[in-house]
Amino acid sequence: PPPKDPAFVKQQGTTQTIHVTSPAIGGRSEQVVVYLPPDYAQSTQRYPVLYLLHGFPGDPAGFVRTVRVGVVEDTLLAKKQMKPMIIVMPMGSTGIFTDKEWANGVHPHENWETFFARDVVNAVDRQFRTIPTGAARAVGGLSEGGYASFNIGLHHPAEFRVLESWSGYEKADDVKSIFGDAECLSGTDT
């Protein structure tokens with residue numbers, strides 16, 4: 001069953017799914033799940049944004065289903081232990097079982113870092129009442145997404161001021177990765 005808020009939570013946030021089309025990934029349209037805080041519809045306030053990058057295998061809704069981001073935010077807000085924020089969870093590959101490291105790859109239309117840092121961030125800033133500055137944006141991720149949060153965040157310091165890696169790794173996959181195969185990476189490819 002889907003996660004549910006505890007009984008004491010009187011206001012719940014909402015989840016929306018948008019699609020972002022990007023030339024960085026060959027004009028494809030990718031799913032982006034957006035969690036809006038409970039007071040979003042009733043206010044004119046602007047909100048900080050936490051971007052969450054999924055691991056491999058994974059998809060954006062995994063954060064809602066298993067990590068329960070909506071339930072956690074609703075609960076902490078009800079307890080007055082946090083301020084409201086928008087949580088954005090984009091898709092970072094061509095499928096649940098495809099590992100793209102959230103990176104700009106060696107092949108055409110595999111610029112996942114650009115898709116996320118430019119196109120997803122711009123789409124979210126256009127469609128929602130965000131605080132559109134790096135000081136109000138954080139990026140975190142799990143496993144592959146943890147690697148990506150540091151990789152992308154360090155490449156885009158003006159866009160993200162907080163970087164978090166949960167069970168992330170420091171070195172990308174060597175074998176048949178988005179960066180090329182192992183021989184290409186080691187310089188032994190002819």
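The values are calculated or read from the model by the stated rules, or taken from the named source; none is laboratory data. Treat the numbers as computed from the prediction; the structure is a model and nothing was measured. Backbone-built Cβ (ideal geometry, glycine too); neighbour counts: all protein chains shown. SASA here: full protein model, heavy atoms, side chains in, ligands and nucleic acids out. Shrake-Rupley method; radii C 1.70, N 1.55, O 1.52, S 1.80 Å.
For the chain, with all protein chains in place and a probe radius of 1.4 Å, 56% of the accessible heavy-atom surface sits on carbon or sulfur.
Solvent exposure of the chain, expressed per residue, is 51 Å² of accessible area, with all protein chains present and a 1.4 angstrom probe. Taking packing as the residue-averaged number of other Cβ atoms within 10 angstrom, the listed peptides 138-150, 4-16 run from highest to lowest as 138-150, 4-16.
Averaging the sequence gap over all C-alpha pairs within less than 8 Å and six or more residues apart, then dividing by the number of residues, gives the chain a relative contact order of 22 percent.
Report, in degrees rounded to the nearest 10, the 0 to 90 angle that the Cα long axis of helix 144-155 makes with the longest principal axis of the chain. So the helix axis and the longest Cα principal axis differ by about 80 degrees. Which lysines, if any, have their Cα less than 25 Å from the Cα of K4, not counting same-chain residues under 8 positions apart? Those lysines meeting the cut-off are K79, K80, K83. A simple spin-label model places pseudo-atoms 7 Å from Cα toward Cβ; at K80 and R126 they are separated by 4.0 nm. Compactness of the chain was expressed as the Cα radius of gyration divided by 2.2 N^0.38 Å, which yields 1.06. Annotation: peptides 19-29, 48-58, ranked by per-residue average of other Cβ atoms within 10 Å with the highest first, follow the order 48-58, 19-29. Helical runs (DSSP H, four residues minimum) scored at -39500 (n - 2.57) apiece and divided by the length of the chain put the mean residue ellipticity at 222 nm at -5000 deg cm²/dmol. Once you order the gyration tensor axes a ≥ b ≥ c over the Cα atoms, which shape class does segment 1-49 get: rounded for a/c under 1.5, otherwise prolate or oblate by comparing a/b with b/c? Oblate is the answer for segment 1-49, as a/c is 1.5 or above yet b/c matches or exceeds a/b.
For the chain, the longest principal axis of the C-alpha atoms and the axis of helix 69-78 are separated by about 30°.
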